[in-house]
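These notes concern the structure reproduced below.
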Amino acid sequence: MGYSAIVKDAPGDFSVKPNIPDYKKMREEFRWEKLSEELDWFSDTQINIGHIAVDAHLKTDRRDKKALIWESQKGEVEEYTFADLSRLSNQFANVLVKQIGIQKGDRVFFFLERVPEIFIGILGTLKAGAVIGPLFSAFGPDAVKDRLADSRAKVLVTSPMLKKKIADILPSLPHLENTMVVNRRNAHLSPDDISYEAAMEQASEDFETVRTSKDDFAIMHYTSGTTGKPKGAVHAHNAIIGHYATAKYVLDLHPDDIYWCTADPGWVTGTSYGMFGPWSNGVTQVVYEGAFSAKRWYTFIEKWGVTVWYTAPTAIRMLMKAGDGLPEQFNLDSLRYTCSVGEPLNPEAVIWGQKVLGRPFHDNWWQTETGAIMIANYPVQDIKPGSMGRPFPGIHAGIVDDEFNELPEGQEGNLAVKPGWPSMFRTYWEKEDLYRSCFKNGWYITGDKARKDEDGYFYFMSRADDVINTAGHLVGPFEVESVLIEHPAVAEAGVIGKPDPIAMEVVKAFVSLKKGYTSDEDLLHDIQTFVMKRLSSAATPREIEFIDSLPKTRSGKIMRRLLKSKELGLPLGDTSTLEDD
Ligand code: ATP
Ligand code: MG
């Protein structure tokens, strides 16, 4: 990709020694068994994520430590210790088991705002041995219906407002036996609904957590739907080993940290790293209920003294768009370590973090299917902007060709991981054939294209379906997008291959501009020249279309397939996770 700059890592606060002492050494010595011994198992084969995340701390001095500090959209604050979460999740587990009759393996879905009850409910469901399925509260009725029907969820936990939004679909879900409503504002409930508050009040605070086996299903997440119809990736309780290990060594969580993960629990990042990773490490986390706003986010970091921050490229690009002057109005000195996931992180964004926040963003790569971080930048290694970093110790990642043989360094191919890591998904819900088709020649094939350099750093190229083949050159859209957003006028860019009778495909870019710029021919040529100078003529967008904003999934990813379908006048396919503007 040819970014020459290397960001010498500046963890900043050297009084905090990184958990990972030395990448190479740790890689050589790494054993998953050793990490797993740090967790509180019931027996050699029995573990429960809910237990590890909260109850395991009750025997320690973390019992009365704050686990969750929650701030509502309106600024109300609620705080919960590990002991509080343990007690409340016990009550919720009792509601499920004693009042509703939920059994091990039943699916309990959450369609709820980012309120404390979603955390309590998820922990309680896991402790009851049932399977959680969180749904993002901004979903429309069809997205909710698809997922509830596919998973045959028995219980839906929702709120009065969200229930209203999906009222029409509920009668068409025969397996959905119960709707429980979290009624924070005392709305009028329908007689068919179970009131969360009333049920909790009747429930005992004592519950014996179900001794689930490490292979029992625990978590179901539908993927983001960036490339097609979302699939229900299923994870087992064993996944907690991966959450714990990566939160410790990649997010570098320490006992005194105040940690903020900006992902919604509706996405895998919001559970793996918005609940299980930090809590299994006994770390305090802060949660902001409200939506993105640059000002509010900076205020939140300052107010709570956030030390470790895990966010996403789309949010970082929005912060960049809000201007370099804004962060100066806040005291953000508490920030010690900043990480990003979800989409390729443009080199420009890494450098911006370093320049404006004084902390470079550490990119890491993983998927719903992998359950935990697979490839990452670490506090102890230099960042090569544009690279996702190196495989987590204990993870063997490689680049394979289309026959699934490993390729040498420098060559582009399919990003693959050797199966067997603790948080690997166990199936796509009732799509076992699709699941099996992901494993080839001893590798799990991720569906992403990438390459590896001589130092073992991986570079994301594109989704396998997004690679552009133009006049015999393979061009990754991310590379072009990254250069485009380096142009001073460009805020966001999405790049696709447009069919062409001569070149097979040509590069077409959709670009949204920063405030104060107008789209005209001059700017268009200027942008083209800018890309040409930095990349090549093959990679230079033949066409540039200026648009107000790019279509994104609700998890914030640019939906290139939608840009392409629109361009070609094709059906749009599954748009259930499309963000509406
Ligand atoms: P679907 O599988 O339904 O198309 P999705 O792949 O977007 O949706 P997720 O599992 O949420 O659903 O996203 C994982 C994908 O996100 C990865 O396979 C990769 O394409 C992209 N991704 C995540 N992190 C990074 C990163 N650091 N750099 C580049 N791409 C990333
Ligand atoms: Mg995917």
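Things worth noting here:
- Value of [θ]222 nm, deg cm²/dmol, for the chain, DSSP H segments ≥ 4, -39500 (n - 2.57) each, nearest 500: -7000 deg cm²/dmol
- Note on segment 452-516: Cα-Cα pairs beyond 20 Å make up 38% of the total pair count.
- Gained length - residue 168 relative to residue 149, 0.36 nm times residue gap less alpha-carbon distance: 5.4 nm
- Global size of the chain: 23.3, 71 Å for Rg and Dmax (C-alpha atoms, Rg to one decimal, Dmax whole).
- For segment 378-441, the list of GluC sites (Glu not before Pro) that fall in a loop by DSSP and count at most 16 other C-beta atoms within 10 angstrom reads 403, 409, 430.
- Counting Cα-Cα pairs of segment 161-210 in 10 Å increments starting at 0 gives whole-percent bin shares of 19, 46, 26, 9.
- Overall shape: prolate for segment 288-405, with the ratio a/c of the largest to smallest alpha carbon gyration tensor axis at 1.5 or above and a/b above b/c.
- Here is the list for segment 31-120: GluC sites (Glu not before Pro) lying in DSSP coil, each with at most 13 other C-beta atoms within 10 angstrom of its C-beta, are 38, 76.
- Antiparallel %, DSSP beta bridges [both residues in the chain], to 5: 60
- Extension gain for residue 537 to residue 453 (0.36 nm times residue separation, less C-alpha to C-alpha distance): 27.8 nm.
- Percentage relative contact order, segment 468-568, counting C-alpha pairs under 8 Å, at least six apart: 28
- Restriction of the trypsin sites (Lys or Arg not before Pro) in segment 477-575 to DSSP coil positions whose beta-carbon has at most 16 other beta-carbons within 10 angstrom yields 514, 515, 542.
- Per residue solvent-accessible surface (Å²) - the chain, probe of 1.4 Å: 39
- Convex hull per residue volume in Å³, alpha carbons only, for segment 50-157: 94
- Percent of alpha-carbon pairs separated by more than 24 Å within segment 468-568: 16
- Centroid-to-centroid, using Cα positions, segment 251-286 and segment 509-534 are 39 Å apart.
- Its residues counted as N, segment 115-255 yields a C-alpha radius of gyration over 2.2 N^0.38 Å of 1.15.
- Cα-Cα over 23 Å, subset of 384/515; 24/65; 145/431: 384/515; 24/65
- Only Cα pairs under 8 Å and 6+ residues apart enter the sum, and on that basis the relative contact order of segment 23-395 stands at 17 percent.
- Potential lengthening between residue 37 and residue 549 on full extension [0.36 nm per residue; Cα-Cα distance subtracted]: 179.5 nm
- Note on residue 293 and residue 78: their simple-model spin labels are 2.1 nm apart, each label 7 Å out from Cα toward Cβ.
- Mean separation of Cα pairs under 8 Å and 6 or more residues apart, divided by the residue count, gives segment 111-220 a relative contact order of 31 percent.
- Segment 44-141 - percent of accessible surface contributed by carbon and sulfur, probe 1.4 Å: 44
- Modelled label positions at residue 24 and residue 433, each set 7 Å beyond Cα in the direction of Cβ, lie 4.8 nm from each other.
The values are calculated or read from the model by the stated rules, or taken from the named source; none is laboratory data. Here the structure is a predicted model, which means the values were calculated and not measured. Using ideal geometry, Cβ is built from the backbone for each residue, glycine included, and neighbour counts are taken over all protein chains shown. Areas reflect the complete protein model, heavy atoms only, side chains present, ligands, DNA and RNA absent. Shrake-Rupley method; radii C 1.70, N 1.55, O 1.52, S 1.80 Å.
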